[in-house]
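Chemist: Just passing along the structure, written as C-alpha cells.
The values are calculated or read from the model by the stated rules, or taken from the named source; none is laboratory data. Not measured: the values here are computed from a predicted model. Please note: Cβ atoms are built from the backbone with ideal geometry, for glycine as well, and neighbour counts cover all protein chains shown. Heavy atoms of the whole protein, side chains included, go into the accessibility calculation; ligands, DNA and RNA do not. Shrake-Rupley method; radii C 1.70, N 1.55, O 1.52, S 1.80 Å.
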Amino acid sequence: MPSIVVAIIIGWLVAEYPSPQVEWGITIPSFSETWNVTPFVLGFPAWEIFMAAIPTAILAYIIAYGDIIVGDKLLERSSSYRQDEKIEYDSNQIHFLTFFRNFMHALFFPHPGLAGPIFTAGTASVAERYTFGKKAMQSIFSGTNSLIISLSLVIFILPLVTLFQPFLPIALSITLILTGYLCITVGIQQLKNETEIGVAGVMGIVLAVYGAAYGLVVGLLLYFLLQKEVFISKSNEQVYRNEGKDVV
C-alpha cells in the first residue's frame with residue numbers, strides 16, 4: 001500500500017493521471033451488461049477455438065501451478081514464524097475449487113483476470129503480516145477472510161471506487177510487478193542446475209516475444225535436448241560409480 005499511495009501522489013502531481021471525480025452513493029452492479037457477454041447470449045465458441053486455445057491453456061496451467069507453488073512457499077515461510085497454528089495447504093483442494101469457480105465464471109461472468117488460483121499479491125500481504133504474531137493477526141484464516149470481506153464491501157462504496165478509478169493502472173502495475181518478483185524468486189529456488197535455468201530462461205523469452213504455442217514447443221525441445229540429456233548423463237555416471245564401488 002505505501003508504494004501504491006506514493007505512486008498515486010506522484011502520478012497526480014505530474015498530471016500523468018487526471019484528478020478523480022468523486023461521486024457519492026452505492027455502486028450498482030451491471031448485471032444486464034454482464035449477462036450480455038456470457039456464452040448464453042453470444043453463443044458458445046466453435047471447436048476450432050477450443051483447439052487453437054490448447055497451447056495457451058497448457059501454459060496458463062503451468063503459470064497457475066506456479067502460483068500454487070508460490071502460495072505454498074509463502075505459507076511455509078509464515079509457518080516458521082508461528083508455532084501456535086498449523087496451516088494445512090492442500091493443492092488438490094485448490095485445483096478443485098479453481099476449476100469450479102472458473103467454470104462458473106466462464107458461464108456467467110467471463111473475466112480472465114480473475115482466473116488465477118490465488119491472489120498472489122494479497123496472499124503475500126496476509127502472509128507477511130501473519131509473521132508479526134497474534135497481535136497483528138489472530139489466524140491466517142481470519143486475516144484472509146478480512147481481506148476478502150473488505151475488498152467485497154469496498155467495491156460497493158461509490159466514493160472510494162470513483163476516488164481510485166483513475167489510478168487503477170498503477171495498482172495493477174504494482175500488483176503484477178510484485179507477483180512477477182515473487183514468481184521469479186520462488187521459481188529460481190526450484191531450479192537445481194545451470195541447464196534448468198537456461199531452459200526456463202529461453203522458454204520465458206520465447207513465450208513473451210512469440211506467444212504460448214512457440215514458448216511451449218521451444219520449452220519441450222530444450223527439455224529433451226538439453227535438460228533430459230544432462231539428467232541421463234548424471235544418472236549413468238552415478239551408476240558407473242556404484243558399479244565401481246561394487247567391483248572394489
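Chemist: List the number of the failed condition for GLY211; all other conditions in (1) on the phi > 0 side of the Ramachandran plot; (2) open to solvent by 100 Å² or more (accessible area, probe 1.4 Å) hold.
Modeler: Only one criterion is unmet by GLY211, namely (2).
Chemist: Go through segment 98-144 residue by residue and tally those that are in a helix (DSSP H, G or I), open to solvent by less than 100 Å² (accessible area, probe 1.4 Å) and within 23 Å of THR38 (Cβ to Cβ).
Modeler: 10
Chemist: Does PHE164 satisfy being among the aromatic types (Phe, Trp, Tyr) and within 19 Å of the chain's Cα centre (by Cα)?
Modeler: no
Chemist: Determine whether segment 29-46 contains at least one residue that is more than 30 Å from ASN92 (Cα to Cα), in contact (Cβ under 8 Å) with a residue 60 or more places away in the chain and part of a loop (DSSP other than H, G, I, E, B).
Modeler: Scanning segment 29-46 turns up at least one residue that is more than 30 Å from ASN92 (Cα to Cα), in contact (Cβ under 8 Å) with a residue 60 or more places away in the chain and part of a loop (DSSP other than H, G, I, E, B).
Conditions (1) within 24 Å of THR56 (Cα to Cα); (2) at pLDDT 80 or above, marked per residue:
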position	(1), (2)
ILE177	yes, yes
GLY187	yes, no
ILE197	yes, yes
ALA208	yes, yes
GLY211	yes, no
VAL217	yes, yes
SER233	no, no
TYR240	no, no
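Chemist: What are the residues in segment 1-43 that are touching a strand residue (DSSP E or B) at 6+ places or on another chain (Cβ under 9 Å) and surrounded by 12 or more Cβ atoms within 10 Å (Cβ to Cβ), if any?
Modeler: Scanning segment 1-43 gives a single hit, THR27.
Chemist: Output yes when any residue across segment 31-42 is within 17 Å of the chain's Cα centre (by Cα), closer than 23 Å to ILE149 by Cα and of a type outside the set (Ser, Thr, Tyr), and no when none is.
Modeler: Taking every residue of segment 31-42 in turn, none turns out to be within 17 Å of the chain's Cα centre (by Cα), closer than 23 Å to ILE149 by Cα and of a type outside the set (Ser, Thr, Tyr).
Chemist: Okay, moving on. Please work out which one of (1) within 29 Å of PRO39 (Cα to Cα); (2) touching a strand residue (DSSP E or B) at 6+ places or on another chain (Cβ under 7 Å) is the condition LEU158 fails and give its number.
Modeler: Only one criterion is unmet by LEU158, namely (1).
Chemist: Only residues that are under 22 Å from the mean Cα position of the chain (by Cα) and exposed (fewer than 14 other Cβ atoms within 10 Å of the Cβ): list them for segment 147-161, please.
Modeler: Correct list: ILE148, ILE149, SER150, LEU151, SER152, ILE155.
Chemist: Of all residues in segment 68-84, which are outside any helix (DSSP H, G or I) and loosely packed, with under 15 Cβ neighbours inside 10 Å?
Modeler: SER80, TYR81, GLN83, ASP84
Here's the yes/no breakdown for (1) modelled with pLDDT under 85; (2) open to solvent by 70 Å² or more (accessible area, probe 1.4 Å); (3) more than 25 Å from the chain's Cα centre (by Cα); (4) within 29 Å of LEU59 (Cα to Cα):
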residue	(1), (2), (3), (4)
LEU191	yes, no, no, yes
ILE205	no, yes, no, yes
GLY244	yes, no, yes, no
VAL248	yes, yes, yes, no
